[in-house]
Each structure stands twice: as structure tokens, then as C-alpha cells.
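One structure below.
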Amino acid sequence: MTSNEIRKQFLDFFESKGHRIVPSAPVVPYDDPTLLFTNAGMNQFKDVFLGTGSREYKRAADTQKCIRVSGKHNDLEEVGHDTYHHTFFEMLGNWSFGDYYKKEAIRWAWELLTEVWKLPKERLWATVYRTDNEALNLWKSETDINPKHILKFDEKDNFWEMGDTGPCGPCSEIHVNLSNNLEDASLVNTGSPQCIEIWNLVFIQYNRDDKGKLHELPAKHVDTGMGFERVCAVLQNKKSNYDTDVFTPIIKAIEKLSGVNYNSSLQAEDNSDEGKNNISMRVIADHIRALTFAVGDGAIPGNEGRGYVLRRLLRRAARYGRRINLKEPFLYKLVSEVVKNFSHVFPEIKSNQSQIEKIIKSEEESFNVTLDRGIELFDALVKKLSAKNEKIIRGDDVFKLYDTYGFPADLTNVMAREQGFTIDEARFNELMNEQKERARRSSKEKLGTAAVIIDKLDDFNLSSTEPTEFRGYDELTSEAKIIGIKKNNGKSLVILNRSPFYVESGGQISDKGNLIIGDTHLRIVGLAKVGNHTIHIVDNESKVELLTGATVLAEVDKKRRWDTMHNHSATHFLHRALRDILGSHVQQAGSYVGPDRLRFDFTHFEKISAAEIEAIESLINEKLRENLPMIHHRDMSFEEAKKMGALMFFGDKYGDKVTVVQFGNFTMEFCGGTHVKNSSQIGLFKIVSESSIASGVRRIEAVTGAGVEKYIQELQLRIENDQLRIGKLADEKKKLEKEIAALQLKEKLGEISSIISNPTVVNGIKIFKGKVSASNMDELKSIGDELREKMKGGVGVLISEIDDKVGIVAVVSDDLIKEKKILAGNIVKEVAKVVGGSGGGKPHLATAGGKDVTKIDEALASLENIFL
């Protein structure tokens with residue numbers, strides 16, 4: 001059977017048993033911030049098992065795309081080196097939500113395996129939890145498995161738990177013995193490739209409380225998972241998952257790109273060059289599937305969380321590509337093969353193919369230089385150690401490769417193992433921790449006054465342990481009581497029982513304002529949050545007496561807060577617009593929200609084009625004009641917020657109670673900041689810059705409302721200043737052009753010296769003639785004037801080739817004009833006739849033009865004939 005037939009038969013089988021066939025959840029679990037990736041079929045039904053959600057059906061089945069590369073499922077180093085571990089895999093599964101239970105789950109599993117797929121019964125083994133006699137007896141009564149093939153195991157292998165507390169239960173695994181000894185029970189549950197687990201039937205029947213005690217659940221569930229790639233290998237009679245038609249098309253594409261053949265007859269542990277090539281191809285074939293599906297569902301390589309996992313996979317695959325002659329970006333070229341083979345089941349990779357290829361190619365290109373340099377440095381390091389007969393790479397060297405050259409430590413580790421070396425991980429981790437501590441200290445130093453406050457909170461002698469009540473969502477002036485106070489370097493540090501002041505959080509900067517005692521206004525210049533108390537840093541140089549228990553007014557700077565709220569609300573619109581225009585891979589990576597501007601950092605793989613920026617601005621401003629109301633969901637349960645569809649991301653920490661900010665149906669995010677009442681209050685939105693701040697992270701800076709007005713005014717002033725500068729530059733240009741022209745003319749005037757010194761005399765009249773260089777007729781006239789001045793008495797004719805035409809100037813001295821009646825106009829007419837032109841002018845200077853530049857010499861020679 002083909003893999004497509006196997007998948008279809010599984011789903012058809014359970015559909016015939018009354019199961020709803022549901023689509024796979026995304027491999028990026030946007031509604032579960034506790035997970036890097038979807039790692040099991042049950043993830044999308046977690047709320048059902050926890051009792052916080054339900055479905056309209058009681059039975060379900062699907063094929064779920066999964067990625068396992070971290071935590072207890074971290075098999076990354078084995079991937080490619082053996083034949084059955086994968087980072088990405090499909091999990092075939094069937095579920096019962098309080099409907100059927102162990103009896104049906106066991107019977108149907110046996111029916112599918114032995115009657116539909118015809119697996120040899122003598123090769124199948126079942127395991128049960130050590131106290132689950134119910135499952136043990138059902139295997140005996142509901143199937144015809146060899147009773148000796150039913151084994152008991154403890155919690156490590158046969159008890160499933162979602163976490164330290166919550167739903168859990170025993171499980172029954174089905175293994176297939178691929179060895180020649182069908183009765184060897186010692187192979188089961190040992191991780192041997194000779195006896196592999198293909199299906200796990202989990203029976204969720206308990207709830208574990210916080211004391212570790214198990215309680216029977218009122219409704220019992222079934223959760224099963226089958227490794228699709230493994231069962232394909234069994235049914236296609238292959239010893240390696242990579243020899244099935246799940247992988248062979250991808251491996252053939254790798255062969256074509258690299259010019260290296262894959263030898264499926266070799267053992268996985270073969271250490272020959274050919275065996276190492278096989279490992280490289282298996283790694284690449286596995287990793288390109290994980291990358292294609294993860295990026296297709298909106299993940300993007302980065303430096304944290306799931307982004308870092310993808311970056312590691314891509315870099316690992318790129319490094320193995322070097323071993324089979326793939327030195328230029330190549331992974332993105334394999335995406336089309338994955339799409340061709342899997343898009344009929346998972347259509348999202350087809351619709352997102354172009355985006356997937358762009359992101360992977362961009363990441364490959366940025367890493368290639370680092371990879372080449374890192375390999376060069378590593379080879380030099382190994383050579384140096386080999387000369388000393390040392391086999392341990394110092395942690396300091398691993399750290400230098402990482403910190404100075406950007407070469408990942410895990411790649412150093414892989415390359416070291418391949419050459420029989422180890423790395424000093426303990427020292428490397430020590431140096432990493434020192435670096436983090438330096439960064440932490442640096443951040444603390446930047447806190448300034450706030451750091452001093454936090455370190456000495458005990459000095460406040462609080463009159464109440466009640467938290468400071470935040471009133472800033474609804475009012476900007478609050479009547480409050482002082483419940484704690486101390487002095488610090490000319491500042492009074494005041495804790496109030498309630499306050500409208502917002503303390504910096506989530507990118508929004510702290511408020512400023514006044515503390516009013518009677519008629520005295522004291523400036524609040526800073527804030528800090530310590531536990532549940534807000535500390536107001538008050539500028540009290542005048543040493544106004546502040547007493548615990550005194551009633552004061554806390555007044556926020558209204559304009560500053562108002563402008564800040566404009567910008568904070570705008571970030572929500574920007575986030576949604578970026579995801580709509582650029583893709584769902586966009587995720588906030590940091591922000592600054594102040595009264596003057598907003599800054600928004602986000603994951604994206606390339607520079608945003610001018611057309612995209614225009615589209616983003618247009619979408620945002622269109623939505624702002626729709627006057628969308630702000631709906632503030634305060635103190636709602638986290639689960640309720642998830643059901644509403646509030647945007648959340650892995651790594652963000654959410655408590656049991658959360659606050660969600662929603663504008664119409666356009667944007668809805670977890671956010672504890674302050675916001676405008678409706679979108680039209682924001683005014684106009686304008687992006688002022690877009691840039692890169694790290695690999696895979698872009699930054700947009702923007703302004704809103706009054707900030708746009710100020711931006712326009714600054715632009716106008718800049719334009720005016722530019723125009724003034726342009727005017728000055730134009731004047732300077734003209735001046736320089738005149739100076740250059742004068743210098744050029746001076747150079748050309750030098751050409752008449754030889755003409756002056758070598759006249760021809762005809763009938764007592766001196767004739768000065770010759771060819772000169774001139775850029776235009778005006779310049780030629782200037783040279784003529786110079787000639788007339790220098791020749792004292794006589795006739796002068798100068799000819800120049802100007803723009804492929806003939807330019808002529810004739811000059812006559814005053815004495816010849818008076819005594820001989822010789823006129824420059826008559827002379828120039830006669831000369832011009834020779835070159836096919838005409839002209840005229842004043843008695844002392846005249847000009848003419850002609851067409852035939854080949855007759856210039858003839859025209860000059862004709863002068864003597866005029867005076868003969």
C-alpha cells in the first residue's frame with residue numbers, strides 16, 4: 001500500500017465506527033502558549049480533557065501534524081543517524097470523549113491492524129500498565145492475540161499524564177516485532193529498531209490533585225496515537241522509515257540537487273563516506289518537512305522559543321548539506337517537493353508555498369557566511385588540539401565561536417562528535433550564565449532610581465498591606481491616602497492606597513503628573529511597581545512634609561497620557577495590519593509606546609516594500625475612520641479569553657485572570673495598557689521608518705494624531721530648508737560654471753598665440769587665420785574679440801567645429817575699416833559660402849555658420865583670394 005492509501009484506510013475505518021474526521025490543528029499552537037509546537041493529536045482536545053470545553057461530537061479521528069524537538073521528546077541528535085526518529089511526523093489518532101472506552105479501543109485497534117492491514121498476529125505485542133488488569137483481560141477477551149504477548153510495565157512506559165496535576169491514566173501500547181525471534185519479549189519497550197511501538201492507546205480515567213492523589217473521573221476518555229511514518233514502514237516492509245514513499249520523493253530531489261546517490265542498502269550505523277552521505281540526506285529530508293509545515297503555519301526562524309528551534313533545524317540541515325556538495329542555499333528548493341507530496345492532505349502548505357520558500361531562502365542566505373566561517377575556525381581548532389593529542393574542546397572556545405562568530409554551540413557539538421571530540425558543556429554553560437548575569441546587571445543599572453527603591457522596600461513601614469488599587473482605566477485624578485513613604489536623594493518615595501498612574505509595562509511608558517497636597521503641586525517624575533504596590537517618585541526639593549495617612553490628589557498629566565493612549569491603541573491596529581498584509585508569521589517582538597511616537601518590533605524575514613507600507617497604512621487608517629469601539633474585557637478567565645480568540649503567543653505568561661483589549665471585530669489582544677475609547681480618537685496613523693534590528697526581526701516607528709501634524713510640519717520645514725539649500729547650491733553651481741567657463745576660455749585663448757605670430761600678407765594686408773576649439777558661438781566670438789585686440793591691424797578669421805557644424809568669426813581692425821572699407825560682414829559671407837553657409841554682422845566683427853565640416857581648411861585658404 002502507498003502511504004496515501006494507509007492514511008485514508010485509517011480515517012475511513014474510524015469514520016465507519018461513527019467518528020467525526022476532523023482536520024489537523026496547526027503545528028503552531030496559537031491558542032496554547034505553554035507549547036512550542038503541537039506535539040500530539042490530543043493537543044487540540046486538551047480543553048475537553050480538562051473539562052473546560054466540549055465538542056458537538058463524542059468520537060473523533062484525524063491525522064495530526066506534530067513536531068517534537070524539545071523537552072522529554074528531544075530526539076534531535078538521533079534524527080538522521082537512525083532510521084525512525086523524526087522532528088516532524090504525522091500522528092494518526094482516534095478519540096472518545098466520555099463515549100466508548102477500553103473495550104472498543106482495544107478491539108478496533110486489533111481489527112484495523114490484523115483484518116484491514118493484515119499484519120501478522122504473531123509479530124504483534126501489547127503492553128499494559130502494571131495494575132490495569134481490566135485492559136489485560138480485554139486484550140485476552142476481545143482479540144486473539146497470543147496471551148504470552150501481553151506484558152505489564154510500570155509508570156515510565158505505560159502511564160500517561162498531561163502534567164504534574166490534571167487528567168491522566170494508564171495506556172496500552174502495541175508493538176511489532178521485526179526480528180527473526182518472534183517470541184523474544186526482551187525486545188519490547190527497549191527502544192530497539194527490531195521491535196517498535198506503532199500505536200499507543202491512552203485511557204484517561206483519573207485526575208491527579210496537587211497532593212499527587214488520583215481520583216476517578218466521572219467521564220472517561222480514550223486518546224490514541226499512531227506514528228504514521230512507522231506504520232508505513234511496517235506495512236511497506238521497509239527497514240527504514242526513509243525508504244517509504246513518505247520520504248523517497250524528497251530524497252530523490254536531494255540526490256538531483258547534490259549529484260550524490262542515496263544507498264538504501266547500507267545500515268544506519270555505516271560509518272563509511274557513503275554512510276555519512278546517507279545521514280546527511282536523512283537529516284535534510286526530515287528537517288525540510290518540519291520547516292515547511294512550521295513556516296506554513298506561521299512560525300518563523302528567530303532567536304527565541306519556537307523561532308530558535310526552527311533556526312537550529314535549518315542550520316543543522318544546511319551544515320549537513322555541505323557534506324554532500326550543497327554550498328549554496330538549497331533547502332528552499334525542496335519545499336516544492338514537500339508541497340507536491342502532502343498538500344492534498346494539508347492544503348495550507350500549497351497556499352503558503354511562496355512565503356515558505358522566501359522565508360527559508362532568506363534564512364539560508366543569512367547563515368551561509370556564518371556557517372563557512374564557523375567551519376573554518378572549527379577545523380583550525382580541531383587541528384590544533386589533535387597536534388596536542390587532546391580530545392576535549394574547551395568551553396571558552398565553544399563560547400567564542402558562538403559569541404564572537406555566531407556559530408551555534410549545538411552545531412559545534414555535532415561536528416565535534418563526528419570527529420571523536422567532546423565539548424566542555426559545563427564551562428560553556430557557565431560562560432553563558434555569566435553573560436546573562438552581565439545583561440541582567442546592566443538592565444538593573446538602567447532602572448536608576450527604581451532599582452534603589454526595589455532594593456530598600458522594607459524601609460517604607462507600610463500602614464496597610466492592601467495593594468495599590470489602579471484607577472487609571474477610568475480616571476486620571478484620584479483622591480488617595482499615603483500608606484507608605486520614605487526619602488531618597490531629594491525625592492519623596494510615596495505609596496498610595498489607590499492611583500491613576502500607569503507603571504511602565506508591556507512597552508507603554510510610565511505616566512507623569514502631580515501629587516497635590518492642598519495648594520501645593522509636587523511633580524511625580526517616576527514610578528515603580530514592587531509586588532502589588534505602586535511607588536510614586538516625587539520631586540520634593542522644597543521638602544514639603546508628607547505624612548502617612550494624609551489625603552492627597554494624584555493627578556496624571558492628561559495630554560501626555562492621551563497621546564500615549566493614541567499610540568498604544570495604534571500598535572494593536574498595526575499588529576493586526578502586519579499579520580493581514582505580510583502573513584500570520586508576524587509576531588510582536590518588542591515595543592515602545594510613549595506620547596511622542598510608537599515603536600513596534602516584529603518577526604519578518606525581509607524588508608517591507610513601499611507598496612506594503614502603503615497597504616498597511618491604508619488598512620489602519622481605514623479602520624480608524626470606522627470609529628470602532630474599544631471593548632475592555634477586564635479580569636476575565638484565561639480560558640474564556642482563549643475561547644474569544646484573543647491573540648496570544650508562546651512564551652507570554654498569562655495568569656488565571658487576564659485583561660483583553662478589543663476594537664470592534666478587527667483586533668483583540670491580551671493587554672493591560674491604557675487605550676482610547678474608540679478608534680477615531682487616534683486620528684491619523686503614519687509610518688515614519690522601517691528597518692532591521694536583528695536577523696528575522698524588523699522595526700517600524702510611527703506617529704499618530706498630533707504626532708502626525710508635528711511630523712508634517714517637520715517635513716514642510718525640511719522641504720523649505722532643502723529648497724533654500726537647493727537655491728544656494730544652484731547659485732553656487734552657476735558661479736562655479738562661470739569660473740570653469742572662464743578657465744576653459746583662457747585655455748582656448750592660448751590657441752591664438754600661434755595665429756598671431758604667423759600672419760599671411762596679401763596686398764599689404766595682414767591676414768590672421770586658423771582653426772580653434774570653441775564650445776559654442778558665444779565662446780568663438782570671445783576668442784575673436786581677443787584676436788582683434790592682439791593683432792593690432794589686419795583681418796582675422798577663426799573657424800571651429802561646433803556640434804558637427806562649422807562656426808566662423810571674422811574681425812577687422814579699425815584702420816582697415818576706415819581707410820580700405822574692408823568690412824567683417826563681407827569677409828564672413830565669402831568664407832561661409834565655401835562650407836555651405838551664410839552669415840553677417842558688424843563691420844568690426846561678424847559671424848557665420850556652415851554645414852560642411854570637411855571644407856574648413858578650404859574655407860581658410862579662400863581668404864587670400866578675397867584680397868588678391
- From the cross-link list LYS766/LYS792; LYS65/LYS340; LYS677/LYS710, which pairs have alpha carbons spaced over 21 Å apart? LYS677/LYS710
- Message: Can you give me the orientation-averaged projected area of the convex hull built on the Cα atoms of the range 530-581, in nm²?
- Response: 6.5
- Query: Which of LEU112, TYR402, GLN419 sits closest to the plus end of the dipole of the chain, meaning its Cα is farthest towards the positive end, when Lys and Arg get +1 and Asp and Glu get -1 on the C-beta?
  - Reply: TYR402
- Principal axis dimensions, largest first and in whole angstrom, of the range 6-87 by Cα: 41, 32, 17
- Message: With unit charges on the beta carbons (Lys and Arg positive, Asp and Glu negative) and the dipole taken about the Cα centre of the range 547-640, which residue among TYR592, LEU619, PHE573 sits farthest to the positive side?
- Response: TYR592
- Note on the structure: So SER505 and LEU749, fully extended at 0.36 nm per residue minus their Cα-Cα distance, gain in nm 80.2 nm
- Kirkwood-type radius of the range 315-356, with distances r between different C-alpha atoms, in Å: 11.3
- Query: If packing is taken as the mean number of other Cβ atoms within 10 Å per residue, what is the order of 808-815, 860-867, highest first?
  - Reply: 808-815, 860-867
- Query: For LYS529, which aspartates and glutamates qualify as cross-link partners when the Cα separation must be under 13 Å and same-chain residues fewer than eight apart are set aside?
  - Reply: ASP455, GLU469, GLU504, ASP511
- Query: Looking at VAL703, ILE687, ALA730, which one has the Cα that reaches farthest to the positive end of the dipole of the range 639-736 (charges on Cβ: Lys, Arg +1; Asp, Glu -1)?
  - Reply: ALA730
- Task: Would you work out if the range 285-334 is rounded, prolate or oblate? Take a ≥ b ≥ c from the square roots of the eigenvalues of the alpha-carbon gyration tensor; rounded if a/c is under 1.5, else prolate when a/b is larger than b/c, oblate otherwise.
- Result: prolate
- Task: Ignoring everything but the protein chains, give the 1.4 Å probe accessible area of LYS820 in square angstrom, nearest 10.
- Result: 120
- Note on the structure: Rounded to the nearest 0.05, FRET efficiency between ASP164 and HIS81 (Cβ-Cβ, R0 51 Å) equals 0.95
- Message: Please state the shape class of the range 164-207: rounded when a/c is under 1.5, otherwise prolate if a/b exceeds b/c and oblate if not, all from the C-alpha gyration tensor.
- Response: prolate
- Task: List, largest first, the extents of the alpha carbons of the range 390-439 along their principal axes, each in whole Å.
- Result: 35, 19, 14
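Based on the Cα gyration tensor of the range 762-868, what are the three equivalent ellipsoid semi-axes, each the root of five times an eigenvalue, rounded to whole Å and given largest first?
Its equivalent ellipsoid spans semi-axes of 20, 15, 11 Å.
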- Task: Take each of the peptides 194-202, 88-96, average the number of other beta-carbon atoms within 10 Å over its residues, and list them starting from the highest.
- Result: 88-96, 194-202
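What is the extension gain from VAL544 to ASN263, computed as 0.36 nm multiplied by their sequence separation minus the C-alpha to C-alpha distance, in nm to one decimal?
Values: separation 281, 0.36 × 281 = 101.16 nm, distance 8.55 nm.
Result for the pair: 92.6 nm of gain on full extension.
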- Task: Take the alpha carbon atoms of the range 72-136, find their radius of gyration, then divide it by 2.2 N^0.38 Å using N residues; give the quotient.
- Result: 1.47
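About the Cα centre, and with charges only on the beta carbon of Lys, Arg (+1) and Asp, Glu (-1), how big is the dipole of the range 528-680? Nearest 20 debye, please.
200
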- Quickly rank 567-579, 682-694, 204-216 as a protection proxy: mean count of other C-beta atoms within 10 Å, highest first. 567-579, 682-694, 204-216
- For LYS256, counting only aspartates and glutamates whose alpha-carbon sits under 14 Å away and dropping same-chain residues fewer than eight positions off, the answer is GLU337
- Carbon and sulfur: what percent of the chain's accessible surface (1.4 Å probe)? 47
- Task: Express the C-alpha Rg of the range 679-798 as a ratio against the empirical globular expectation 2.2 N^0.38 Å, rounded to two decimals.
- Result: 2.29
- Message: For the pairs LYS686/LYS728; LYS58/LYS156; LYS17/LYS102, flag any whose C-alpha to C-alpha distance is greater than 22 Å.
- Response: LYS686/LYS728; LYS58/LYS156
- Just add up the charged neighbours of GLU864: K/R +1, D/E -1, any other residue whose Cβ is under 14 Å from the Cβ of GLU864. -1
- Query: Excluding same-chain residues fewer than 8 positions from LYS121, which aspartates and glutamates have a Cα within less than 18 Å of its Cα?
  - Reply: GLU111, GLU142, ASP144, GLU173, GLU183, ASP184, GLU197
- Query: P(r) tail for the range 822-868, what percent of Cα pairs lie past 12 Å?
  - Reply: 56
- Give LYS733/LYS781; LYS558/LYS607; LYS481/LYS543; LYS152/LYS238 a once-over and call out the pairs whose C-alpha atoms are over 26 Å from each other. LYS558/LYS607; LYS152/LYS238
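Shape call for the range 499-557 from the C-alpha gyration tensor, a ≥ b ≥ c root eigenvalues: rounded (a/c under 1.5), prolate (a/b greater than b/c) or oblate? Mind showing how you got there, number by number?
Values: a/c = 2.06, a/b = 1.68, b/c = 1.22.
Note, shape of the range 499-557 comes out prolate.
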- Task: Calculate the dipole size of the range 665-773 relative to its Cα centre from +1 charges on Lys and Arg beta carbons and -1 charges on Asp and Glu beta carbons; express the result in debye to the nearest 20.
- Result: 620
- Item | Net length gained if the chain between ASP403 and GLN435 were fully extended (0.36 nm per residue, minus Cα distance) | 10.6 nm
- Around ARG289, what is the net charge, scoring Lys/Arg as +1 and Asp/Glu as -1 over all other residues with Cβ under 11 Å from its Cβ? -3
- Label-point separation (nm) for ASP785 and ASP209, each offset 7 Å from Cα along Cα-to-Cβ? 11.2
- Rounded to the nearest 500, what is the chain's calculated 222 nm mean residue ellipticity when only DSSP H runs of at least 4 contribute -39500 (n - 2.57) each, over all residues? -12500 deg cm²/dmol
- Message: Check which residues have an amide H placed less than 5 Å from ILE21's amide H, if you skip close sequence neighbours.
- Response: ALA61
- Ordering THR465, THR548 from largest to smallest accessible area (1.4 angstrom probe), what's the sequence? THR465, THR548
- Item | Scattering profile of the range 475-579 at q = 0.10, 0.16 Å⁻¹ [log10 I(q)/I(0), Debye over alpha-carbon scatterers] | -0.31, -0.68
- Tally Lys/Arg at +1 and Asp/Glu at -1 over every other residue whose Cβ is under 10 Å from the Cβ of ASP397; what's the total? +2
- Among (i) 1.08; (ii) 1.46; (iii) 1.00, which is the computed Cα Rg over 2.2 N^0.38 Å? (ii)
- Query: How big is the charge dipole of the chain about its Cα centre, in debye rounded to the nearest 20, if each Lys and Arg gets +1 on its Cβ and each Asp and Glu gets -1 on its Cβ?
  - Reply: 1780
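The values are calculated or read from the model by the stated rules, or taken from the named source; none is laboratory data. What you see is a predicted model; the values in this text were computed from it and never measured. For neighbour counting, all protein chains shown are included, and Cβ atoms are generated from backbone atoms with ideal geometry for every residue, glycine included. The area values use the complete protein model at the heavy-atom level, side chains included, leaving out ligands, DNA and RNA. Shrake-Rupley method; radii C 1.70, N 1.55, O 1.52, S 1.80 Å.
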